[in-house]
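*Asks:* Have a look at this one before I ask anything.
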Amino acid sequence: MWWYQHERNKNITGYLILAPTFPIWDWFKDDLKKKWLARQPERYVDLELGSDHQAFKYYNWIKTGLVYAVLMFILMTGLIYLTGTLDLTAVNLALSALTWSFGGLLFGYEMKLFMGKKGQETLPHSN
């Protein structure tokens, strides 16, 4: 079968996208692959192998948590207001903001711990 040759798409979602669009992308796949392969050597010209620069290594979880907190604050406070369960007073907004800030930071920290452990099982590539 034609979709079996694509090793990158090993899940059902990939097949569901590729199968109906096959008549469109099949015409262009060979030319696009040749262009992609021709551009690959220039990607590795200034590669610093010894560099392990991670600008947000220690604080990215805070940003993730606060973005989550703001989104949840807006969605959940709006939902509570629209359902008429709670009035929007300054005290309720402050308590909701404090609760979602704490929850968002907890979420961000848990994601930091989870994502940090995810790549430890694989061995680095050796040439």
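*Asks:* Can you put Lys33, Lys112 in order of Cβ neighbours within 10 angstrom, beginning with the fewest?
*Replies:* Lys33, Lys112
*Asks:* Over the Cα atoms of the stretch 60-118, what Rg and Dmax result, in angstrom?
*Replies:* Using the Cα atoms of the stretch 60-118, the pair Rg, Dmax is 13.3, 42 Å.
*Asks:* How far apart, in nm, are the 7 Å Cα→Cβ label points at Asn92 and Val45?
*Replies:* It is 6.1 nm.
Throughout, read-outs are computed from the coordinates displayed, never taken from laboratory work. Quantities reported herein were computed from a predicted structural model and do not represent experimental measurements. Note that we place each Cβ from the backbone using ideal geometry, even for glycine, and neighbour counts take in every protein chain shown.
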